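**Q** Sharing a structure here in structure tokens format.
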Amino acid sequence: MPSPSPIYYANHCPCRLVPPIAVTYRAAASHALTWLRLRGLCCAALAAFPFMAWAEDQDTGPTNAAAAREAPQVVVIGTSPLPGLGLPLNEVPSNVQTGNSEDMQRQQTLDIGDYLNTNFTGVSASESADNPYQMDIYYHGFTASPLLGTPEGLSVYVDGVRVNESFGDTVNWDLIPESAIANVTLMSGSNPVFGLNTLGGALSVQTKSGHENPGTELEGYGGSFGRRAFEGETGGSAGPFDYFFTGNYFDETGWRDESPTRVYQGFGKVGWQNDKTDVDLSYTYADTDLYGDGATPMSMLDYRRASTYTPDITDNHLNFVNLTGTQFLTDQLLFSANAYYRRLVTDAINGNINDSYLEPLTGPAIGCGLPLATRAAIAYCEPGQNATTLTTQRTAGFGAQLTDTQNLFGLKNQAVLGVSYDDSRDVFAQAFQYGRVAPPPTHALLYYDSPLNDETVISLGGSNKIFGLYFTDTLSPTDLLHLTASVRYTSNTETLDGYSIDTDPGDLGMGFDEPSPVTGDHTFSRVNPALGFTLTPTTSLTFYADYNEASRAPTVIELGCANPAAPCGLPNDFASDPDLKQVVARTIEVGARSTPADQRLTWSADVFRTTNSNDIQFIASAVNSGYFDNVGATRRQGFDVAVGGKAGAFHWRAAYSFVDATFQSSFLVNAESNSTADADGNILVTPGDRIPLVPRSTARLVLDYDATESLNLGANIIYVSGSYLHGDENNANQGGGTNGEGEFIQGSGWLSGYTLVNLRGTYHISKHAEIFARIVNVMNENYATGGFLTSNSFNPNGSLRTNPNDWTNENAVSPGAPRAIWAGLRIRF
């Protein structure tokens, strides 16, 4: 059936979106711009969801214009945090990448972090915690990580709520159920509209609804590493009401010693809609136990690759309620709003080798004869340490947004005005316990039983109030040119109140075991602008350029740990509260893309440069301690190239990204295991030195082939080049040399590159049942994704070297998983 003409839409779209409109917008992209100009409401009905996806023609579509943001097949990009009308892709002046639930299911990825790492251009991953649910995701050299202490440079939104946690701006991928995701969009650059942390990009996730995801589906799979997982979802509608529910259970023993993971996730959404209104209430629940082995010295991994250094355990408990709504006030004016409450409780145990163990003393001598009668003796004589923490983060907030599609001076125009407010309250407590270290494989703490050996070393309460006001406008003087200008004002007020205990026995008689206040009131305000344009000589070809600015305020953890004279224990200890400056990112991007309607050949290319001023880094002062500081400027620059297409039953996509991430200012950092370290253990970082763990080159090849009507086969090939390890920030370490203290340096400070091949397949037994399988690391590549140049207190077989003078300086890396296979069954009703 041929697509209706644009005249049809002009005559049949007074206020409702009828199915043929969505069909034509997908199938006849050549009419898109003409059609958008015919009626503002028709544009609104198609453009209310922030994502882009590709699909074949179908005869069904949303019947509610206000609910069009849930439609999964519209080539429209959301350009603001809340659901709005969005913009056609060819009017968006930035690199945009998208994915949907169907692609995630076909590729059988574990979570959204796994999906981004497998598919998206410019993305790389570091498994610093070495748990499958705790990836550090890098995009253009900027990070979204669940680990405190990592500079967070990406903002992440779920249904309009920014989910960078208030305490450290961290992103917990285990709290976003993949089965609840409808679509995901990654936008490049420092778009100020998306607020704090949007230094290198913004990630927007939209969840499923019953109207768009009807039916019931059950799935179970298992295989390598003792993995077993079950997932179920159901959705539907009755008149104006709809519902969607999903639940996941994941359990595995892990491939390394003592590395189990258990995950419970639940998500539910109920909604009501008519022809102008859409209201949804959702609830997300998560209960996860994540055991991470982390980075392990190479000598131990060479002896036995499953070796554990010291264990780290994270338990997350999330309750997240979100109310969203859209209302057409007129045919050309859409009101969007949300209100939410989010509570996250995190229990963590970080196993460490005690930094103070038998360290040279400048004060009174401490005897280590048993029994250990003082707290100083326990902290000095016991080699093992656990840092146990309890963090409660409660955040409530709301947002409101108006989108107007009225012409301006006779020209097509879309204006968005929004406001947001987030109020967070954090409570943090940490205690230290000391003892011996259990023999391998666990290396767990053997607690020294004493009433002196369980001290709360930090107790902190903090609040964070963030107010934002933003405006963005896209004006189209002609069909060829589209101009976009944006601005956001953000005011961030942070308050700290608590105390910290000096735990260094070397300070005995000079402050050891004495509390110091951790207090402070800080306000950070800034206006960030953006300006860009697109040229669209055809409906499928777009050229664009933009300049934008965004900022990141220091977090509670950074403000509470910013004094070089009082370093903090990783990842959570606090000792002081001096001022830090907020980070400001300035990005220039130029690019082009071709997205023809038939998808036979698509391509995109872009060049970018982002410069951060007053960048904040964690400056290590010892193996397990350090402080946060402004280190001056850093820069990320490079380019992306992607090409793909389809020919019959064969779909393919190839992409390459080059990222040059460097420090642009000089500063000192403690790195005793670096051969260039001076007698005080410091190295000098100079402009041009590469930022650790950011590979310069990444490439991906994604293949998908429908071998028969019943059998689908696919492959993902990932290439990642080498990078420097933390501890080699000056890129000057030489393995085999000696540092300023005369210590031999064994580690190279370099992380080698790698290539991974993953295969997958799905066989459709019937329209209601299918079996699937996935093989990862088919070539059984021996690789690592993150790590440090640091000291090692263990022998290769895992036994403890009881004399710190015998500890070696070497690479400690997070090894990637060996070859694995999982298979399962999926049933639909």
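**Q** If I ask for residues that are open to solvent by less than 30 Å² (accessible area, probe 1.4 Å) and under 26 Å from G226 (Cβ atoms), which ones from segment 260-275 would you list? Give the derivation first.
**A** Going residue by residue through segment 260-275, those that are open to solvent by less than 30 Å² (accessible area, probe 1.4 Å) are 261, 263, 265-269, 271, 273.
Of everything in segment 260-275, those that are open to solvent by less than 30 Å² (accessible area, probe 1.4 Å) and under 26 Å from G226 (Cβ atoms) turn out to be T261, V263, Q265, G266, F267.
**Q** Please note which strands (runs of 3 or more DSSP E) are completely contained in segment 577-677 and include at least 3 residues that are over 25 Å from G749 (Cα atoms). Full working, then the answer.
**A** Working: elements: 583-594, 601-613, 616-622, 625-630, 634-647, 650-663, 667-670.
Result: 583-594, 601-613, 634-647, 650-663.
**Q** Of all residues in segment 67-77, which are buried (at least 24 other Cβ atoms within 10 Å of the Cβ) and either modelled with pLDDT of 90 or more or assigned to a helix (DSSP H, G or I) (or both)?
**A** A67, A68, R69, E70 - these are the residues of segment 67-77 that are buried (at least 24 other Cβ atoms within 10 Å of the Cβ) and either modelled with pLDDT of 90 or more or assigned to a helix (DSSP H, G or I) (or both).
**Q** For segment 106-122, indicate whether the set of residues that are assigned to a strand (DSSP E or B) and modelled with pLDDT of 95 or more is non-empty.
**A** The first filter runs over segment 106-122 and keeps only residues assigned to a strand (DSSP E or B), leaving none.
No, the conditions are met nowhere in segment 106-122.
**Q** May I pose another question? Any idea which of G462, G418 is surrounded by 17 or more Cβ atoms within 10 Å (Cβ to Cβ), over 22 Å from T391 (Cα atoms) and either among the hydrophobic types (A, V, I, L, M, F, W, C) or in contact (Cβ under 8 Å) with a residue 40 or more places away in the chain (or both)? Walk me through it before giving the result.
**A** On the way: G462 fails: over 22 Å from T391 (Cα atoms).
Answer to the selection: G418.
**Q** Filter segment 450-459 for residues that are assigned to a strand (DSSP E or B) and hydroxyl-bearing (S, T, Y); which is least open to solvent (accessible area, probe 1.4 Å)?
**A** Initially, segment 450-459 is screened for residues assigned to a strand (DSSP E or B), giving 455-459.
Among the residues that remain, those that are also hydroxyl-bearing (S, T, Y) are: 456, 459.
Numbers: T456: 61, S459: 43 Å².
Within segment 450-459, the match that is least open to solvent (accessible area, probe 1.4 Å) is S459.
**Q** Right, next: Being surrounded by fewer than 22 Cβ atoms within 10 Å (Cβ to Cβ), among the polar types (S, T, N, Q) and over 40 Å from the mean Cα position of the chain (by Cα), is that true of even one residue in segment 364-376? Walk me through it before giving the result.
**A** To start, the set of residues in segment 364-376 that are surrounded by fewer than 22 Cβ atoms within 10 Å (Cβ to Cβ) comprises 364-375.
If we keep only those that are among the polar types (S, T, N, Q) as well, we get 374.
Imposing the further condition that a residue be over 40 Å from the mean Cα position of the chain (by Cα) reduces the set to 374.
Looking through segment 364-376, at least one residue is surrounded by fewer than 22 Cβ atoms within 10 Å (Cβ to Cβ), among the polar types (S, T, N, Q) and over 40 Å from the mean Cα position of the chain (by Cα).
**Q** Quick one: would you say A377 is aliphatic (A, V, I, L, M), at pLDDT 95 or above and out of contact with any Phe, Trp or Tyr (no Cβ under 9 Å at 6 or more places or on another chain)?
**A** Values: aliphatic (A, V, I, L, M): yes; at pLDDT 95 or above: yes; out of contact with any Phe, Trp or Tyr (no Cβ under 9 Å at 6 or more places or on another chain): yes.
Answer is yes for this residue.
**Q** Scan segment 123-145 for residues that are closer than 22 Å to G195 by Cβ, outside any strand (DSSP E or B) and in contact (Cβ under 8 Å) with a residue 40 or more places away in the chain and report the count.
**A** Qualifying residue count for the region: 2.
**Q** Same structure again: Can you name the residue in segment 465-503 that is part of a strand (DSSP E or B) and of a type in the set (D, E, K, R) and is also least open to solvent (accessible area, probe 1.4 Å) among such residues?
**A** Narrowing segment 465-503 to residues part of a strand (DSSP E or B): 465-476, 481-501.
From what is left, the residues that are of a type in the set (D, E, K, R) are 465, 473, 488, 494, 497.
Working: K465: 67, D473: 29, R488: 16, E494: 1, D497: 107 Å².
Step by step, filter segment 465-503, then rank; the result is E494.
**Q** Moving to a separate point now. Assuming S299 fulfils every condition listed in (1) modelled with pLDDT of 95 or more; (2) open to solvent by 30 Å² or more (accessible area, probe 1.4 Å); (3) outside any strand (DSSP E or B) apart from one, which condition is it?
**A** So S299 meets the others, but not (2).
**Q** If only one of G268, G254 is of a type in the set (G, A, S), at negative phi and at pLDDT 95 or above, which one is it?
**A** Numbers: G254 fails: at negative phi.
Going through G268, G254 in turn, the sole match is G268.
**Q** Going by what's in this entry, would N716 be described as open to solvent by less than 50 Å² (accessible area, probe 1.4 Å) and in a strand (DSSP E or B)?
**A** On the way: open to solvent by less than 50 Å² (accessible area, probe 1.4 Å): yes; in a strand (DSSP E or B): yes.
Spelling it out, N716 is indeed open to solvent by less than 50 Å² (accessible area, probe 1.4 Å) and in a strand (DSSP E or B).
**Q** Let me ask something else. Restricted to segment 236-259, and to residues that are outside any strand (DSSP E or B) and open to solvent by less than 30 Å² (accessible area, probe 1.4 Å), which residue is nearest to S814 (Cα to Cα)? First the steps, then the outcome.
**A** Taking segment 236-259 as the starting set, the residues that turn out to be outside any strand (DSSP E or B) are 239-240, 253-259.
Those still in the list that are open to solvent by less than 30 Å² (accessible area, probe 1.4 Å) too: 254, 256-257, 259.
Details: G254: 14, R256: 11, D257: 13, S259: 13 Å.
The extreme case among them is R256.
**Q** Here is a follow-up. Inside segment 473-511, can you point out the residues that are under 15 Å from L531 (Cβ atoms) and either among the acidic types (D, E) or touching a His at 6+ places or on another chain (Cβ under 7 Å) (or both)?
**A** Those that are under 15 Å from L531 (Cβ atoms) and either among the acidic types (D, E) or touching a His at 6+ places or on another chain (Cβ under 7 Å) (or both): D473, T474.
**Q** Is it true that some residue in segment 642-661 is of a type in the set (S, T, N, Q) and open to solvent by 30 Å² or more (accessible area, probe 1.4 Å)? Outline the logic, then answer.
**A** Of segment 642-661, the ones of a type in the set (S, T, N, Q) are 657.
Next, from what is left, pick out any that are open to solvent by 30 Å² or more (accessible area, probe 1.4 Å): none.
No, every residue in segment 642-661 fails to be of a type in the set (S, T, N, Q) and open to solvent by 30 Å² or more (accessible area, probe 1.4 Å).
**Q** Find the residue count for segment 120-138, including only residues that are within 9 Å of the chain's Cα centre (by Cα) and open to solvent by less than 10 Å² (accessible area, probe 1.4 Å).
**A** Restricting attention to segment 120-138, the residues satisfying the condition of being within 9 Å of the chain's Cα centre (by Cα) are 135-138.
Still in the list and also open to solvent by less than 10 Å² (accessible area, probe 1.4 Å): 136-137.
Selection size over segment 120-138: 2.
**Q** Separate question: Just name the residue that is surrounded by the most Cβ atoms within 10 Å (Cβ to Cβ) out of those in segment 522-553 that are over 20 Å from D473 (Cβ atoms) and hydroxyl-bearing (S, T, Y).
**A** In this case the residue turns out to be S551.
**Q** Search segment 699-714 for residues that are farther than 29 Å from Y139 by Cβ and in contact (Cβ under 8 Å) with a residue 12 or more places away in the chain and pair each with any residue that is part of a strand (DSSP E or B) and among the hydrophobic types (A, V, I, L, M, F, W, C) when their beta-carbon atoms are under 7 Å apart and the residues are at least 6 apart or on different chains.
**A** Listed by first residue and then by second, the contacts come to A707/L713.
**Q** Could you please give the count of residues in segment 721-740 that are part of a strand (DSSP E or B) and either open to solvent by 10 Å² or more (accessible area, probe 1.4 Å) or acidic (D, E) (or both)?
**A** The qualifying residues number 3.
**Q** Next question. Select, from V156, V161, V171, V184, the only residue that is over 13 Å from the mean Cα position of the chain (by Cα) and touching a residue at least 12 places away in the same chain (Cβ under 8 Å). Show your work before the answer.
**A** Working: V156 fails: over 13 Å from the mean Cα position of the chain (by Cα); V171 fails: over 13 Å from the mean Cα position of the chain (by Cα); V184 fails: over 13 Å from the mean Cα position of the chain (by Cα).
Result: V161 is the single residue among V156, V161, V171, V184 that is over 13 Å from the mean Cα position of the chain (by Cα) and touching a residue at least 12 places away in the same chain (Cβ under 8 Å).
**Q** Still on this structure: Where the second residue is charged (D, E, K, R) and outside any strand (DSSP E or B) and the first is at pLDDT 95 or above and lies in segment 334-345, which pairs have Cβ atoms under 7 Å and are six or more apart or on separate chains?
**A** Here the result reads L344/E165, each pair linking segment 334-345 to a residue that is charged (D, E, K, R) and outside any strand (DSSP E or B).
**Q** Select from segment 784-806 the residues that are buried (at least 20 other Cβ atoms within 10 Å of the Cβ), in a loop (DSSP other than H, G, I, E, B) and not polar (S, T, N, Q) and list them in ascending order. Break it down into steps so the answer makes sense when it comes.
**A** Pass one, segment 784-806, residues buried (at least 20 other Cβ atoms within 10 Å of the Cβ): 784-794, 798.
Narrowing further to those that are in a loop (DSSP other than H, G, I, E, B): 793, 798.
Selection gives G798 alone.
**Q** Same structure, new question: From the list S259, S204, which residue is under 30 Å from S155 (Cβ atoms) and touching a residue at least 60 places away in the same chain (Cβ under 8 Å)? Please lay out each step first, then the result.
**A** Numbers: S259 fails: under 30 Å from S155 (Cβ atoms).
None of the others qualify; the one that does is S204.
**Q** Please tell me if F225 is farther than 30 Å from V487 by Cβ, hydrophobic (A, V, I, L, M, F, W, C), under 26 Å from the mean Cα position of the chain (by Cα) and open to solvent by 20 Å² or more (accessible area, probe 1.4 Å).
**A** yes
**Q** Among the residues of segment 752-769, is any surrounded by fewer than 16 Cβ atoms within 10 Å (Cβ to Cβ), touching a Gly at 6+ places or on another chain (Cβ under 9 Å) and either among the hydrophobic types (A, V, I, L, M, F, W, C) or not in a helix (DSSP H, G or I) (or both)?
**A** Yes, segment 752-769 contains a residue that is surrounded by fewer than 16 Cβ atoms within 10 Å (Cβ to Cβ), touching a Gly at 6+ places or on another chain (Cβ under 9 Å) and either among the hydrophobic types (A, V, I, L, M, F, W, C) or not in a helix (DSSP H, G or I) (or both).
**Q** (1) of a type outside the set (A, V, I, L, M); (2) at pLDDT 95 or above; (3) under 29 Å from A812 (Cβ atoms): which one isn't true of F788, the others all being true?
**A** (2)
**Q** Give the residue, chosen from G201, G160, G195, G168, that is touching a Leu at 6+ places or on another chain (Cβ under 6 Å) and within 18 Å of G399 (Cα to Cα). Even if it seems obvious, please write down each step before you answer.
**A** On the way: G201 fails: within 18 Å of G399 (Cα to Cα); G195 fails: touching a Leu at 6+ places or on another chain (Cβ under 6 Å); G168 fails: within 18 Å of G399 (Cα to Cα).
Within the list G201, G160, G195, G168, the selection yields G160.
**Q** Look through segment 421-443, keep the residues that are acidic (D, E) and more than 30 Å from R375 (Cα to Cα), and return whichever of them is surrounded by the most Cβ atoms within 10 Å (Cβ to Cβ). Don't jump to the end; show me each part of the working.
**A** At the first step, the residues of segment 421-443 found to be acidic (D, E) are 422-423, 426.
Remaining after also requiring more than 30 Å from R375 (Cα to Cα): 422-423.
Numbers: D422: 22, D423: 16.
Residue satisfying both the conditions and the ranking: D422.
**Q** Does T388 fit the bill of being crowded, with 22+ Cβ neighbours inside 10 Å, free of Cβ contacts under 8 Å to residues at least 60 places away in the same chain, within 21 Å of G294 (Cα to Cα) and not aliphatic (A, V, I, L, M)? Step through it out loud before you land on a result.
**A** Working: crowded, with 22+ Cβ neighbours inside 10 Å: no; free of Cβ contacts under 8 Å to residues at least 60 places away in the same chain: yes; within 21 Å of G294 (Cα to Cα): yes; not aliphatic (A, V, I, L, M): yes.
So T388 does not fit the description; no.
The values are calculated or read from the model by the stated rules, or taken from the named source; none is laboratory data. These numbers were taken from a predicted model, which means no experiment stands behind them. Note that each Cβ is placed from the backbone with ideal geometry, even for glycine, and that neighbours are counted across all protein chains shown. Please note that ligands, DNA and RNA were not included when accessible areas were found on the heavy atoms of the full protein model with its side chains. Shrake-Rupley method; radii C 1.70, N 1.55, O 1.52, S 1.80 Å.
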